[in-house]
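> Structure provided below as structure tokens; questions to follow.
The values are calculated or read from the model by the stated rules, or taken from the named source; none is laboratory data. Computed from a predicted structure; not experimentally measured. Cβ placement follows ideal geometry from the backbone for every residue including glycine, while neighbour counts extend to all protein chains displayed.
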Amino acid sequence: MSKLSYEDKIKIYQERKQGNTIKNNINVGTDGGSGASFNTATVNINGAKFLNNKQLYTGGGGGAFLSRYSNVTINEGEFIGNTCESVGGAIFFGDKGYTLTINNATFKNNKALNSGGAIAIASSTLNFNGGEISNNEATNWNGGGIFIYSLLSDPKNGYSDFTMRNGNITNNKANKNGGGIYITPGNTYNYISGTISNNTPDNVYK
């Protein structure tokens, strides 16, 4: 059976867990991550499902999970119907020198009130190696599928780096720019292969 493996710290709020499924959690805390929160960890998520989790505090990101100072690998799995009132409807991932790797996972129907309907990456590396990011929404701002930015207000942080190898980013929506992907200036966008199409108002904004 697939399971969450971790080192250091994992927090589950109002846990309703069935097998490898984390669903229907609500977090009103300031640190974000209603399904789970990783801090100073090496995490492998194998085939897990994060469904309908809600982050309600506007200062905390990540409807499904928030990660700080950690390297995270997601192998397959589903992130569906998660919401956040800040950035990263499903995932907020941050801090310089750490990497989020996604291998053939599905992100559908996630929503962020601000930016990053499915995923928000801050001063980090994202490797998207196949999978589906579709029908996600940034309600007020940018990056209906993915929002990539930097935390340069803190001098220890740098720019983000995004690489796409295969997969589909389709039918996502942002209120302002970057229906599929929004990349703030100075961050790196490496497109190798895959499909980015039918996003509103545009596919990639950088």
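> Just one of the numbered conditions (1) within 17 Å of ILE45 (Cα to Cα); (2) crowded, with 18+ Cβ neighbours inside 10 Å; (3) among the polar types (S, T, N, Q); (4) touching a Leu at 6+ places or on another chain (Cβ under 9 Å) is not true of THR101; which one?
Of everything listed in (1) within 17 Å of ILE45 (Cα to Cα); (2) crowded, with 18+ Cβ neighbours inside 10 Å; (3) among the polar types (S, T, N, Q); (4) touching a Leu at 6+ places or on another chain (Cβ under 9 Å), THR101 misses just condition (2).
> It is to be established whether one or more residues within the stretch 87-102 are within 16 Å of ILE183 (Cα to Cα), among the small types (Gly, Ala, Ser) and in contact (Cβ under 8 Å) with a residue 12 or more places away in the chain.
Yes, because at least one residue in the stretch 87-102 is within 16 Å of ILE183 (Cα to Cα), among the small types (Gly, Ala, Ser) and in contact (Cβ under 8 Å) with a residue 12 or more places away in the chain.
> Sticking with this structure for a sec: Please note which strands (runs of 3 or more DSSP E) are completely contained in the stretch 34-143 and include at least 3 residues that are polar (S, T, N, Q).
42-46, 71-75, 99-103
> Please state which of the following conditions ASP95 fails to meet, knowing it meets all the rest: (1) among the acidic types (Asp, Glu); (2) closer than 22 Å to TYR189 by Cα; (3) touching a Gly at 6+ places or on another chain (Cβ under 7 Å).
Here ASP95 clears every test but (3).
> Separate question: Which condition number does THR83 fail, the rest of (1) modelled with pLDDT of 85 or more; (2) at negative phi; (3) crowded, with 24+ Cβ neighbours inside 10 Å being met?
(3)
> I'd like the full set of residues that are within 14 Å of SER124 (Cβ to Cβ) and either free of Cβ contacts under 8 Å to residues at least 24 places away in the same chain or not in a loop (DSSP other than H, G, I, E, B) (or both), limited to the stretch 161-188.
Scanning the stretch 161-188 gives ASP161, PHE162, THR163, ILE183, THR188.
> Which one is farthest from ASN109 (Cα to Cα), of the residues in the stretch 144-160 that are in a strand (DSSP E or B) and modelled with pLDDT of 95 or more?
The residue in question is ILE148.
> Here is a further query. Can you name every residue in the stretch 189-206 that is assigned to a strand (DSSP E or B) and in contact (Cβ under 8 Å) with a residue 40 or more places away in the chain?
TYR189, GLY194, THR200, TYR205
> Can we say PHE50 is farther than 17 Å from SER124 by Cβ, buried (at least 19 other Cβ atoms within 10 Å of the Cβ), among the aromatic types (Phe, Trp, Tyr) and at pLDDT 90 or above?
yes
> Determine which single condition GLY117 fails, assuming it passes every other condition in (1) modelled with pLDDT of 90 or more; (2) under 18 Å from ILE181 (Cα atoms); (3) in contact with a Ser or Thr (Cβ under 7 Å, 6 or more places away or on another chain).
Among (1) modelled with pLDDT of 90 or more; (2) under 18 Å from ILE181 (Cα atoms); (3) in contact with a Ser or Thr (Cβ under 7 Å, 6 or more places away or on another chain), GLY117 violates only (3).
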